[in-house]
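Visitor: This is the structure I want to talk about, given as structure tokens.
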Amino acid sequence: MTIAEAWLAGREHLAACGVAEAAITAEVLLRHVLGMTRTELYLRWDRPVDNATWDRYCRLLDERSRGRPVAYITGSREFMGLDFAVDERVLIPRPETEVLVEMVLAVARQLTAPVLADVGTGSGAIAVSLAVRRPDALVIATDLSADALEVARGNAVRHGVAGRMRFLCGDLLAPLRGEGLRVDVLACNPPYVGPTEAAALPCEIREFEPAIAVLAPEGESFHARLVDEAPGVLKPGGWLIMEVAAGQAPRVVELVKQSGHFELPRVCRDGLGWERVVAARVLPEP
């Protein structure tokens with residue numbers, strides 16, 4: 001069997017199992033087992049595939065047909081142009097979250113040696129991306145899950161920024177308060193799927209991604225806590241920047257306004273036009 005024939009067989013298998021984007025998924029899995037780039041794959045289209053490689057490819061196809069996300073199968077996901085190791089201990093980074101990172105970088109542009117915090121860091125995608133792009137910054141990554149922090153540390157080492165980061169374990173802002181830390185920008189992509197929406201989640205999210213990183217008691221419950229607690233850890237003029245689900249921005253904006261602790265919030269849209277990030281600057285201390 002050639003590489004071309006293996007890809008065709010994989011595509012047909014995934015399509016028959018109802019897997020979306022069967023062609024590109026089959027290609028990604030085949031490139032993974034062969035250890036090839038896309039260009040190398042096409043240049044060697046007629047190269048034979050040995051039995052061991054074919055067997056491994058079939059196992060990966062079977063995993064995907066049962067709903068396991070491709071990123072967990074290959075163990076990696078690209079975010080902000082960087083490659084991150086991911087597994088079932090952490091949420092898979094999404095392209096829309098890059099809007100959050102870009103907003104943090106924008107508000108911190110005028111600051112020298114800023115202190116940036118990523119709360120609920122998971123894989124460390126946000127925190128490590130910030131550390132890579134702001135070599136002068138101290139980046140603090142927190143998470144309730146010690147397992148997630150282990151993944152984040154590994155990604156920090158992978159990208160050579162571990163020496164400029166701190167990793168703290170605890171619930172939401174408690175680790176920052178416990179260390180007496182004040183930050184210039186506090187970023188968070190919190191769990192925001194409420195109980196009524198949880199049943200409608202795709203199988204690959206509902207059954208494979210960590211519930212602690214996805215589900216909230218109510219859709220905006222973590223946003224409400226951040227709005228209430230963030231002024232206690234932000235420096236004067238500091239920023240709270242939160243990702244929101246599609247349709248949540250108006251309610252989160254209202255939470256910010258009602259708190260009385262922030263200036264009028266900004267809302268940023270993602271590449272699909274959804275309001276994805278709410279950013280608010282804390283009022284100066286009286």
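The values are calculated or read from the model by the stated rules, or taken from the named source; none is laboratory data. The structure presented is a predicted model; accordingly, all values stated were derived computationally and were not measured. Cβ placement follows ideal geometry from the backbone for every residue including glycine, while neighbour counts extend to all protein chains displayed. Keep in mind that these areas ignore ligands, DNA and RNA; they rest on the heavy atoms of the full protein, side chains included. Shrake-Rupley method; radii C 1.70, N 1.55, O 1.52, S 1.80 Å.
Visitor: Restricting attention to region 50-83, and to residues there that are under 21 Å from Val19 (Cβ atoms), touching a strand residue (DSSP E or B) at 6+ places or on another chain (Cβ under 7 Å) and not polar (S, T, N, Q), which single residue is surrounded by the most Cβ atoms within 10 Å (Cβ to Cβ)?
Guide: Ala71
Visitor: From the set of residues in region 131-151 that are under 16 Å from Pro190 (Cα atoms) and small (Gly, Ala, Ser), which is most open to solvent (accessible area, probe 1.4 Å)?
Guide: Ser145
Visitor: If I filter region 243-282 down to residues being among the basic types (Lys, Arg) and closer than 18 Å to Ala106 by Cα, which single residue comes out as least open to solvent (accessible area, probe 1.4 Å)?
Guide: Result: Arg276.
Here is a yes/no grid of residues against (1) open to solvent by less than 40 Å² (accessible area, probe 1.4 Å); (2) farther than 29 Å from Leu264 by Cα; (3) in a helix (DSSP H, G or I); (4) modelled with pLDDT of 95 or more:
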site	(1), (2), (3), (4)
Ile212	no, yes, yes, no
Glu218	no, no, no, no
Leu226	yes, no, yes, yes
Ile241	yes, no, no, yes
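Visitor: Hey, does region 40-58 have a residue that's within 28 Å of Gly122 (Cα to Cα) and aliphatic (A, V, I, L, M)?
Guide: Checked region 40-58: no residue is within 28 Å of Gly122 (Cα to Cα) and aliphatic (A, V, I, L, M).
Visitor: Can you tell me which residue among Gly163, Gly194, Gly122 is modelled with pLDDT under 95 and either buried (at least 17 other Cβ atoms within 10 Å of the Cβ) or over 24 Å from Ala71 (Cα atoms) (or both)?
Guide: Result: Gly194 is the single residue among Gly163, Gly194, Gly122 that is modelled with pLDDT under 95 and either buried (at least 17 other Cβ atoms within 10 Å of the Cβ) or over 24 Å from Ala71 (Cα atoms) (or both).
Visitor: Also, quick follow-up: Hey, any hits in region 166-177 for a residue that's under 19 Å from Glu98 (Cβ atoms) and crowded, with 18+ Cβ neighbours inside 10 Å?
Guide: Among the residues of region 166-177, not one is under 19 Å from Glu98 (Cβ atoms) and crowded, with 18+ Cβ neighbours inside 10 Å, which makes the answer no.
Visitor: Considering each of Pro48, Pro93 in turn, give the residue that is touching a residue at least 40 places away in the same chain (Cβ under 8 Å) and of a type outside the set (A, V, I, L, M).
Guide: Unique residue meeting the criteria: Pro48.
Visitor: Shifting gears a bit: Do the conditions hold for Leu41, that is, is it open to solvent by less than 60 Å² (accessible area, probe 1.4 Å), free of Cβ contacts under 8 Å to residues at least 40 places away in the same chain, in a helix (DSSP H, G or I) and more than 26 Å from Leu91 (Cα to Cα)?
Guide: When the stated conditions are applied, Leu41 passes them.
Visitor: If you take the residues of region 92-110 that are outside any helix (DSSP H, G or I) and open to solvent by 50 Å² or more (accessible area, probe 1.4 Å), which of them is nearest to Arg269 (Cα to Cα)?
Guide: Filtering region 92-110 for residues that are outside any helix (DSSP H, G or I) and open to solvent by 50 Å² or more (accessible area, probe 1.4 Å), the one nearest to Arg269 (Cα to Cα) comes out as Arg94.
Visitor: Does Arg89 fit the bill of being open to solvent by 20 Å² or more (accessible area, probe 1.4 Å), within 10 Å of the chain's Cα centre (by Cα), of a type in the set (Lys, Arg) and at pLDDT 95 or above?
Guide: Against the criterion (open to solvent by 20 Å² or more (accessible area, probe 1.4 Å), within 10 Å of the chain's Cα centre (by Cα), of a type in the set (Lys, Arg) and at pLDDT 95 or above), Arg89 does not qualify.
Visitor: I'd like to know if region 179-190 contains one or more residues that are open to solvent by 20 Å² or more (accessible area, probe 1.4 Å) and within 13 Å of the chain's Cα centre (by Cα).
Guide: Scanning region 179-190 turns up at least one residue that is open to solvent by 20 Å² or more (accessible area, probe 1.4 Å) and within 13 Å of the chain's Cα centre (by Cα).
Results for (1) of a type outside the set (S, T, N, Q); (2) closer than 30 Å to Arg134 by Cβ, shown as yes or no for each residue.
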{"position": "Val33", "(1), (2)": "yes, no"}
{"position": "Thr53", "(1), (2)": "no, no"}
{"position": "Gly67", "(1), (2)": "yes, no"}
{"position": "Ser76", "(1), (2)": "no, yes"}
{"position": "Ala85", "(1), (2)": "yes, yes"}
{"position": "Pro93", "(1), (2)": "yes, yes"}
{"position": "Met103", "(1), (2)": "yes, yes"}
{"position": "Val107", "(1), (2)": "yes, yes"}
{"position": "Val115", "(1), (2)": "yes, yes"}
